[in-house]
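Written below as structure tokens is the structure these notes are about.
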Amino acid sequence: MQEKLRTYKASIFQALSHPTRIAILEVLRDGELSARSIQEKLGVEQANLSQHLAILRSRQIVANRKDGNQVFYSIRNPVLVEVLDVMRRYFQTNLADAIQMLEEVESEASAR
């Protein structure tokens, strides 16, 4: 059972592993949007957006509904917004350490 859970978690993280998919979720965090609105907000091509939305749908990360000729998307489970917020805090916490490490690498490189 533990292995199945790990595999499921890995598939979710894999789906979240692309910056465009993270951006899609960030624009959906405040509520449902049409595919066209997402495209306009992110400035990506329609075909590219469709591919990313298909991945998010296949992992049941986003839900979609049709209204006439438009498709609207929303985050299926708001807990995912919390996960993204935790990741942002994780990044912010580690950013200072990363900057310091980068400065040390640059110092070593310039000393050579």
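Assorted remarks:
- Taking region 56-95 as the range and being among the aliphatic types (A, V, I, L, M) and surrounded by 11 or more Cβ atoms within 10 Å (Cβ to Cβ) as the test, the residues that pass are Leu56, Ile61, Val62, Ala63, Val71, Ile75, Leu80, Val81, Val83, Leu84, Met87.
- Residue in region 20-34 that is within 13 Å of the chain's Cα centre (by Cα) and hydroxyl-bearing (Ser, Thr, Tyr) present: yes
- Only residues that are part of a loop (DSSP other than H, G, I, E, B) and farther than 17 Å from Arg76 by Cβ were counted across region 17-42, and they come to 2.
- In region 24-33 there is at least one residue matching the filter, namely being more than 23 Å from Asn69 (Cβ to Cβ) and out of contact with any strand residue (DSSP E or B) (no Cβ under 8 Å at 6 or more places or on another chain).
- Among residues of region 54-66 being part of a helix (DSSP H, G or I) and touching a helix residue (DSSP H, G or I) at 6+ places or on another chain (Cβ under 7 Å), the one that is farthest from Leu25 (Cα to Cα) is Ile55.
- Qualifying residue in region 92-108 (condition: assigned to a helix (DSSP H, G or I), hydroxyl-bearing (Ser, Thr, Tyr) and not assigned by TED's automatic domain parsing to the domain that holds Arg21): yes
- Criterion violated by Glu40 - all others in (1) free of Cβ contacts under 8 Å to residues at least 12 places away in the same chain; (2) under 15 Å from Ile22 (Cβ atoms) satisfied: (2)
- Residue within region 76-85 that is in contact with a strand residue (DSSP E or B) (Cβ under 6 Å, 6 or more places away or on another chain) and either modelled with pLDDT of 95 or more or in a strand (DSSP E or B) (or both) present: yes
The values are calculated or read from the model by the stated rules, or taken from the named source; none is laboratory data. Given the structure is predicted, the values throughout are model-derived calculations rather than measurements. In this analysis, Cβ positions are derived from the backbone assuming ideal geometry, glycine residues included, and neighbour counts consider all displayed protein chains.
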